[in-house]
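Undergrad: One structure, pasted below without further comment.
The values are calculated or read from the model by the stated rules, or taken from the named source; none is laboratory data. Being a predicted model, the structure only gives us computed values, none of them experimental. With ideal geometry, Cβ positions are generated from the backbone for all residues, glycine too; neighbour counts draw on all protein chains shown.
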Amino acid sequence: MPFFSFYDIYLGMEYALKERIGKPELFTGRNEEMTYFLKWINDIKDEKSQSTAILARRKMGKTAILERLFNITFFKNDGVIPFYYEIKETEMWVGDFCVQFFLSFIYQYIAFKTRKTEYLKPEEKSNFEKVIKIVKKEGLGYLSGIIESAAHAASHENIDILWDIVRDTPQTVAFRQKEFIVQMIDEFQFLNAMIYRDKDMKIPAKDLAGGYLSSAESKIAPLLISGSWVGWLMNELNSMLPNRFKYEYLENMPEDEALEMLYKYSSFFDVPVTEETAYLIIKISEGSPFYTSSILRSRYKHKDLTTVKGLTDTLDFETLDNRGNIKSTWMEYVNTAFSKVNNRNAKRIVLHLFKYKDRELTREEILNQLALDMTDEELEQKLEALVKGDIIDQGQTHFDFRCVRDNIFDKVFRGVYQKEIEHFDVKDIAREYAKSFEKLKRQYRRLQGKYHSQKGYFAEYLILDQLTYRARKNNDLFKAFTRYLPGDFNFCEYSRVWRYDSSPEYSRSFSVDIFARAVRAVDYSIIGEVKSREVKKFSMEEVIDFERKFAEVKKYENIERVVGFIYSRCGFTAEAEEYCKEKGIACSDDERWIG
Ligand SMILES: Nc1ncnc2c1ncn2[C@@H]1O[C@H](COP(=O)(O)OP(=O)(O)OP(=O)(O)O)[C@@H](O)[C@H]1O
Ligand SMILES: [Mg+2]
């Protein structure tokens, strides 16, 4: 279970680009994806990477990944220059857009080459003369030519030529300088929709994305794009840029990563949870980072995530109240989608599909069951628009449709429209949550029975919690149930208490369950391993394996005073115990560590 590889692998890494996620350490998991994309970026140097689109439903963490990739690539400074641009959802004249896009690239390039991050936030992004002065001053005079040609096209409002120059600039610079660039463009679908050919913004540009037909084939400056309107984005790619992009789908987070994220948010925002509520939140959010963070960070006044009742109320607020982040986010999205297909039938269709969670309906079934007074062709168009808006899913064939499989979206949507259309009482939705939680609670209890206690992977979080909140205050007690601590050891204040993973670039990757860094150098930091297995005792081989990881973290983190600690719920083999005692590795199997 690797973890913090993707935020402070590079301890002291400067986060050049301010990420929207907030504090860099909040970024959690996505290990598979990050490993994949970091390799993809690295492979650009061998011209092996093909332009790729990251596709996922709304709020799955696409932007979080792109921004993190930017920062890692920027910081690594290892032969690939990152460019990140988000196309805003604001209408713009193409001339202005091109200038902004162009100067964003130039400034990011300057920032990378000079290692001066202030260039990532230039004071203005429209002044060509100023940027020419800067490139000269910074020894990047070779950029002047291309800047001048863009300036010339811009001042003459030669917008087709301007877009050609601007779009190809990353590739041109990479080619001439024998460099490699990754172009990350977020909200790519707005390229056509938000940009206008005329200053009055009456004539949509429509074909800007098509310009990438050849640029997207570049192997020295490939694109990595994404966007929040996935159906729409795919539609544009299929019609304007066929076969230019590989698709990578981003799914919900695996449960272990979601759990790690939950505990991290809990500790960071100081929102306590219990094992039981943690389990319920993980299950109900189904690995969506957005749902997990929205529940933990909910603005609900009486938020209390330590009881099931408190959690249910918080979730009701989040999904049914207009002030809830989940509801407002989804409704903004649904309203925009509906403004394109708006009428009562569209809502009825979506509501109807929600009634058949486990199966797809054909167009014919929808038409008949709802007795819709429209032609098959009209229905087809409407359904297509809904799929494009990501409000429903396409089924196995073009005739089949189904609701999106997402428990929470379902409730937000029904909370708003079912009442309007089917005179349904919203309180029923609150009751549905309560019912799901009852069911999950029973599942949780069964699990507890099976493991006699919490599921294996909870243990390490409980210990991390103990170290953060309780060990120092109850120093003597905690010391009493932990063997072989050094004589002058005391639990202390830790600047960070978390799991630890080595960087994916590190030749051998490994992870340890606990890394607690002491605030003061005179105190002991802790590097630890947690095993909550029921039967198998911690073995000699495992201790030796731990010793190796311990030494690597210690070296990598450059800490002198540090103690190794192994928690094993069912104890240690005699041999392992003896060895730990001899080597001064602290051991415990006491339930109070996880109690
Ligand atoms: N890896 C992660 N670790 C921690 N939190 C995350 C992670 N990914 C996403 N989040 C949380 O989910 C929210 C949504 O993420 P993000 O904005 O990156 O999604 P998106 O897919 O780009 O959304 P949109 O579809 O609106 O473009 C973030 O604000 C953050 O709170
Ligand atoms: Mg996004």
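Undergrad: Consider Ile225 against the criteria (1) part of a helix (DSSP H, G or I); (2) buried (at least 22 other Cβ atoms within 10 Å of the Cβ): it satisfies all of them except one. Which criterion is unmet?
TA: (1)
Undergrad: So, one more: May I ask you to list the residues in the stretch 228-263 that are without any contact (Cβ under 8 Å) to a residue 60 or more places away in the chain, more than 12 Å from ligand 1 (Cβ to nearest atom) and either surrounded by 21 or more Cβ atoms within 10 Å (Cβ to Cβ) or among the charged types (D, E, K, R) (or both)?
TA: Glu236, Leu241, Glu255
Undergrad: Quick one: Asn335 ticks every box in (1) under 27 Å from Leu26 (Cα atoms); (2) surrounded by fewer than 19 Cβ atoms within 10 Å (Cβ to Cβ); (3) among the polar types (S, T, N, Q) except a single one, so which number is it?
TA: Asn335 satisfies every listed condition except (1).
Undergrad: Here's a follow-up. Can you work out which of the residues in the stretch 11-69 that are at negative phi and among the acidic types (Asp, Glu) is farthest from ligand 2 (Cβ to nearest atom)?
TA: Ranking the candidates gives Asp46 first.
Undergrad: Among the listed residues Ile220, Ile203, Ile195, Ile161, which satisfies the condition of being free of Cβ contacts under 8 Å to residues at least 12 places away in the same chain and under 20 Å from Ile106 (Cβ atoms)?
TA: Ile161
Undergrad: Mind listing whichever residues of the stretch 46-64 are farther than 21 Å from Tyr212 by Cα and away from ligand 1 (no atom under 16 Å from the Cβ)?
TA: The one that is farther than 21 Å from Tyr212 by Cα and away from ligand 1 (no atom under 16 Å from the Cβ): Asp46.
Undergrad: Pick out the one residue from Ala551, Ala459 that is of a type in the set (Gly, Ala, Ser) and buried (at least 20 other Cβ atoms within 10 Å of the Cβ).
TA: Ala459
Undergrad: Within the stretch 327-431, considering only helices (runs of 4 or more DSSP H) that don't extend past its boundaries, which have at least 2 residues that are touching a helix residue (DSSP H, G or I) at 6+ places or on another chain (Cβ under 7 Å), among the β-branched types (Val, Ile, Thr) and under 15 Å from Arg58 (Cβ atoms)?
TA: Fully inside the stretch 327-431 and qualifying: 407-422.
Undergrad: How about the stretch 20-36: which of its residues are in a loop (DSSP other than H, G, I, E, B) and under 15 Å from Met60 (Cα atoms)? Reasoning before the result, please.
TA: If we filter the stretch 20-36 for residues that are in a loop (DSSP other than H, G, I, E, B), which is where we start, we get 20-23, 27-30.
The answer is Arg20, Ile21, Phe27, Thr28, Gly29, Arg30.
Undergrad: Working only within the stretch 116-140, note down all residues that are among the small types (Gly, Ala, Ser) and at pLDDT 95 or above.
TA: Gly139
Undergrad: Would it be correct to say that Ile54 is in a helix (DSSP H, G or I) and either surrounded by 21 or more Cβ atoms within 10 Å (Cβ to Cβ) or outside the structural domain of Ile159 (by TED's automatic domain parsing) (or both)?
TA: So Ile54 fails the test.
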